[in-house]
Structure formats: C-alpha cells, structure tokens
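Here's the structure, in structure tokens; my notes come after.
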Amino acid sequence: MSDKLDDWEISEDYYANQEDDKKMSLEDFILDSDLEDGESLSPGPTDELLKKTIEDVRQVLALASEGKNIKAIAVFTGLEEAYVYNIQVCAQGFHEDDEIAVAHLVLG
C-alpha cells in the first residue's frame, strides 16, 4: 500500500502543481504556416469579402426569422438562391446566430 502513496498519478501535490501552469488557448496551437501572407486571427478592416459576407448573413437570417423562404430572400436581397441556401445551412449549427462564424463557414 505504501507504493501507491508514492505514485505520482494519485498524488494531490502533483495535480496542485499542474494548476499553476499556463492555461492554453486555441491561439497557442496555430502554426505560422496556418497564417498565410500575414493574416491575423481576427478579421482585419481590409477584408472586404468577409465584411460583405457577414452583412449578407445578417440580412438572410433576419429575413428568415420573419418567415421568408429562400426564393423570397433571394428576390428581396438580390442574392443567388444557392448562396442564400448555403448561408441558412451554415447557420443551423449556431444557436446564437453568430454572423461572423457563419460567414467563415460560407467562405470556407
């Protein structure tokens, strides 16, 4: 039984020391090769395509919440029906209707 008391896996001191270590975040796992051409982790002010897509997502989700179907949304916004469909499919996974995350999925 004394061997088990010396085992580091059940030692409270071992786990108490681990809590003092740096907390990891998603950014800690991003490699330099993942960032192409100086791309930053958040959208920059020059990323016009992402900004337009976010606005499209915002419009489509607002109209969909009013009960409009894909065809009506496409006519109202001037967007293609396939694009409106893709936005709605991508938005299904987000309970908060996060337009930026949906825009990234649409562009991805």
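Taking H as built 1.01 Å from N, whose amide H comes closer than 5 Å to the amide H of LEU79, not counting residues under 5 places away?
Answer set, sorted by chain and number: none.
Using the Kirkwood formula on the Cα atoms of the stretch 56-108, what hydrodynamic radius do you get, in angstrom to one decimal? Kindly include the intermediate steps, with their values, before the conclusion.
On the way: mean 1/r = 0.0931 Å⁻¹.
One decimal place: 10.7 Å for the Kirkwood radius.
How would you rank 75-86, 53-64, highest first, on the average number of other Cβ atoms within 10 Å across their residues? Don't skip to the answer; put the middle values down first.
Working: 75-86: 13.9, 53-64: 18.7.
Sorting 75-86, 53-64 by mean packing, highest first, produces 53-64, 75-86.
Using each residue's phi in the stretch 60-75, evaluate 6.51 cos²θ - 1.76 cosθ + 1.60 at θ = phi - 60° and report the 3J(HN,Hα) Karplus result to the nearest Hz, with x for Gly and Pro.
4, 5, 5, 5, 5, 5, 7, x, 7, 8, 4, 4, 5, 5, 5, 5
What are the ³J(HN,Hα) couplings of the stretch 48-53, residue after residue, when phi is run through the Karplus curve with 6.51, -1.76, 1.60 and θ = phi - 60°? Round to Hz, x for glycine and proline.
So the Karplus estimates, Gly and Pro as x, are 5, 4, 5, 4, 5, 5 Hz.
All of the numbers you see were taken from the coordinates with simple rules; none came from a lab. These numbers were taken from a predicted model, which means no experiment stands behind them. In this analysis, Cβ positions are derived from the backbone assuming ideal geometry, glycine residues included, and neighbour counts consider all displayed protein chains.
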